[in-house]
Amino acid sequence: MTIEINNISLSEQKEKLTKKNLQYVQEVEKHLRQTDYPESQQETIISEMVEKILAEQKQGVTARKLFDLTPTEYVTSLTVKATKIANEPNTSKWWLGLDGGLLVLGAMMLISGLSAYFQGQTLGLAVLLITGIIGGFAMIILRRYATEMRAGRKGGTLRYILMAVLVIAIWMFVMTMVQIMVPPAINVALDPTVMVIAGAAILALRWYIKRKKNIPSL
């Protein structure tokens, strides 16, 4: 595969390197071949590195001085960066909302199913689905205030508590209104056993997604 930078192939770029800089690049290439990077990515890494070296080579700066790393250390630093990026928490609002929604929905279905063994009826599907949606938005909002509280900002704890109370109040109000206004034909109550199994499955799905997407806890 041939990579071109500014319409100049990588091999042509290498020809412009000094003997010492070319040796540095070749050592990096040798160590890269021992990693799990695919060939295309290895070439991209080398092409970007060569471009940086050529930019500084005119001022007499060697690759060793430019990166202040041996070829082995250079490749290791790439791996460390990649690992760090892979391990960074996923703070996308979409994933945070999904995580919160699945947690609330799964927990409510599980509680509703178990309670129905003693009370005789589960919550309706409409109530549970809306609860899950509200739960998703609630988690996004509460996470912001929880971050402020953990950061030790003045009044952060009080704001978090007040927001949590407000979220619960809105949640209870919406649940009540749905139960009153939505007809039973739509707000269907499932069998307790089905509800428990579904709730457990949703919580398991939430656990899997949380680990797979590295979603931080509240």
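The values are calculated or read from the model by the stated rules, or taken from the named source; none is laboratory data. Since we're looking at a predicted model, the values are computed, not measured. Positions of Cβ are backbone-derived with ideal geometry, glycine not excepted, and every protein chain shown enters the neighbour counts.
Before moving on, here are some points about what is shown:
- Qualifying residue in region 41-55 (condition: within 21 Å of LYS19 (Cβ to Cβ), of a type in the set (Lys, Arg), modelled with pLDDT under 85 and assigned by TED's automatic domain parsing to the domain that holds ASN21): no
- Reported count of residues in region 18-40, each being over 34 Å from the mean Cα position of the chain (by Cα) and at pLDDT below 85, is 0.
- Checking each residue in region 95-148 for being in a helix (DSSP H, G or I) and of a type in the set (S, T, N, Q) picks out SER112, SER115, GLN119, THR131, THR147.
- Residue among ALA146, ALA138, ALA185, ALA200 that alone is touching a residue at least 12 places away in the same chain (Cβ under 8 Å), among the small types (Gly, Ala, Ser) and over 22 Å from SER115 (Cβ atoms): ALA146
- The criterion of being under 34 Å from the mean Cα position of the chain (by Cα), in a helix (DSSP H, G or I), more than 16 Å from GLU15 (Cα to Cα) and not small (Gly, Ala, Ser) holds for THR72.
- None of SER115, SER92 is under 18 Å from ARG143 (Cα atoms), surrounded by fewer than 22 Cβ atoms within 10 Å (Cβ to Cβ) and of a type in the set (S, T, N, Q) except SER92.
- Filtered residues of region 58-68 (kept if surrounded by 14 or more Cβ atoms within 10 Å (Cβ to Cβ) and within 14 Å of GLN23 (Cα to Cα)): THR62, ALA63, ARG64
- The listed residues are GLY135, GLY155, GLY100, and the only one of them that is buried (at least 21 other Cβ atoms within 10 Å of the Cβ) and more than 21 Å from VAL182 (Cα to Cα) turns out to be GLY100.
- Pair list, Cβ under 7 Å, 6 or more apart: region 51-65 residue closer than 17 Å to GLU27 by Cα, other residue among the basic types (Lys, Arg) and not in a loop (DSSP other than H, G, I, E, B): THR62/LYS20
- Residues (assigned to a helix (DSSP H, G or I), at pLDDT below 85 and surrounded by 12 or more Cβ atoms within 10 Å (Cβ to Cβ)) located in region 178-217: VAL178, GLN179
- If the condition is being hydroxyl-bearing (Ser, Thr, Tyr) and modelled with pLDDT under 80, then region 146-174 contributes only THR147.
- Test: residue in region 150-163 that is over 20 Å from LEU105 (Cβ atoms), in contact (Cβ under 8 Å) with a residue 60 or more places away in the chain and of a type in the set (Gly, Ala, Ser): no
- Only one of the numbered conditions (1) free of Cβ contacts under 8 Å to residues at least 12 places away in the same chain; (2) closer than 14 Å to VAL104 by Cα is not met by ALA169, and that is (2).
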